Amino acid sequence: MTLRFLGEVGEERSDLSDRMASVASRSAAASAVLGPRPRRLGDRIWVLPVGGLEDLASSVEAATSEIGRDVGGGRRFRGHVTLARGRRPECLNGLPIVEVADIWTVREVTLVRSDLHPDGARYEVIGRWSLGRPHDSSGEEARSG
């Protein structure tokens, strides 16, 4: 689940890790609610909505507002799982609308770097932070003495 897409990020990466650690330490685990039925997001994306992560996404947005670019155009966060993308809007016509529902607990946030290549995107985990626990800036849990 992407809470915020940053786009190209330069030298601010260490500061970004600090900011993510701060958000995670101040945020409690959240219940994510999937479903109940797929829908269009824009003209060319078929998604299953996911609710329950709005507060966490808002915290990430506030902490990272000066980093990356605003690809959301000021729109509110709409959690979702992408099921299909079409090159043209009519590509999504006739897709089945089957009810699917699930609930799970989100216990961590992860900072992921993506690099686009001709054979597909490659992803690298930069850091991961458990929600509601103290952290150091490296993405590791802080350990008490």
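Observations on the model:
- Verdict on Ala28 being surrounded by 14 or more Cβ atoms within 10 Å (Cβ to Cβ) and modelled with pLDDT of 90 or more: no
- Among the criteria (1) over 17 Å from the mean Cα position of the chain (by Cα); (2) in a helix (DSSP H, G or I), the one Asp43 does not fulfil is (2).
- Listed by first and then second residue, the pairs with beta-carbon distance under 6 Å, at least 6 apart or on different chains, first residue in the range 111-129 and within 18 Å of Ala63 (Cβ to Cβ), second part of a strand (DSSP E or B) and among the aromatic types (Phe, Trp, Tyr), are Val112/Tyr123.
- When Val9, Val23 are checked against the criterion of being assigned to a loop (DSSP other than H, G, I, E, B) and either at pLDDT 95 or above or hydrophobic (A, V, I, L, M, F, W, C) (or both), a single residue qualifies: Val9.
- Within the range 21-49, residues that are of a type in the set (Lys, Arg) reach partners that are outside any helix (DSSP H, G or I) with beta carbons closer than 6 Å, at six or more positions or on different chains, in the pairs Arg37/Ile97; Arg37/Glu99; Arg44/Arg85; Arg44/Gly86.
- Candidates Ala57, Ala28: the one that is assigned to a loop (DSSP other than H, G, I, E, B) and of a type in the set (A, V, I, L, M, F, W, C) is Ala28.
- Flag for Ser65 being of a type in the set (S, T, N, Q) and either in contact with a Lys or Arg (Cβ under 6 Å, 6 or more places away or on another chain) or without any contact (Cβ under 8 Å) to a residue 40 or more places away in the chain (or both): yes
The values are calculated or read from the model by the stated rules, or taken from the named source; none is laboratory data. Quick caveat, the model's predicted, so the values are computed rather than measured. Counting neighbours? That spans all protein chains shown, and the Cβs are built from the backbone with ideal geometry, glycine included.
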